[in-house]
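One structure is given here, and the rest of the page talks about it.
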Amino acid sequence: MIRLFALVALATSVAFAAQDPSALVKAKDVELQNYLKKKNRDAKDNESIKHLINDIFDFEVLAKKSVPAATWKGLDDATRAEFVKNFKRMVENSSVKKLEVYKSDSSRYEPAVTKGDGSQVTSHIYNKGKETVLVYKFEQPKDGNWKAWDLVIDDLSTARNYRDQFTKILETKTFKDLMDIVKKKADES
């Protein structure tokens, strides 16, 4: 009976942790720091780092919020899917090039602030005496797993940054041109 109770308690705590965005961010960060502290990382380690950094994101939502709403609404499903695929590859490759942002001596996590279907987690990353504040903005999809749609690093929003860049490109170019630019960046590794 005690074993059954312990198993139920463990399963409940694991399920709760999976649904708590603060626990999700903290768990990913601990695992990421273990990789970043390795002196000799190989290609497999770098691939694992890429997944750790990016698996927390909902790239469809991030891509949607990165282009003007009217532009997104005017796209067919196949064009949206192709854009999301290339946008995801571009962001993943970019994140691995900036690993120093993720390196830390210590971290502090604020409790998640949840409103409706969204949540926000603020983490304070300390590296060599310098603090970096990361704010993860989450949406809770229908499957119950929290996924981030934005990462704000020291008040600079990833989604807003891409939206500003893409809006500027779309002032003089077509969406196909934007798609070609994103695909070209995605192909750069």
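Seen against the Cα atoms of the chain and their longest principal axis, helix 77-97 is set at about 60 degrees.
What net charge is computed for the residues neighbouring residue 131, neighbours being all others with C-beta under 10 Å from the C-beta of residue 131, Lys and Arg scored +1, Asp and Glu -1? Once all neighbours under 10 Å are counted, the net charge is +1. A run of the chain free of exposed loop cleavage sites, with trypsin sites (Lys or Arg not before Pro) counted only in DSSP states other than H, G, I, E and B and at most 15 other beta carbons within 10 Å, reaches its longest extent at 42-97. All Cα-Cα separations within the chain were binned at 10 Å from zero, giving a P(r) of 8, 31, 33, 20, 6, 1, 0, each value a whole percent of the pairs.
Selection among 84, 172, 43 by position relative to the dipole of the chain gives 43 as farthest towards the positive end (Cβ unit charges, Cα centre). Helix 158-172 and the longest principal axis of the Cα set of the chain meet at an angle near 10°.
Ignoring aspartates and glutamates fewer than eight residues from residue 173 along the same chain, the ones with Cα atoms less than 20 angstrom from its Cα are 76, 82, 164.
Across the cross-link table entries 44/85; 39/103; 37/137, which are compared at the Cα atoms, the separations over 18 Å belong to 44/85; 37/137.
Pull out the extension gain between residue 130 and residue 173, defined as 0.36 nm times the separation in residues minus the alpha carbon to alpha carbon distance; nm, one decimal.
In short, 11.5 nm is gained.
Over all alpha-carbon pairs in the range 92-164, figure out the percentage whose distance exceeds 14 Å. Roughly 66 percent, once rounded to a whole number.
In a reduced charge model with +1 at each Lys and Arg Cβ and -1 at each Asp and Glu Cβ, the chain shows a dipole moment near 320 debye about its Cα centre.
Where a number appears in this text, it was derived from the coordinates with a stated rule and is not lab data. Everything numeric here is computed off the predicted structure, so don't read it as measured data. Using ideal geometry, Cβ is built from the backbone for each residue, glycine included, and neighbour counts are taken over all protein chains shown.
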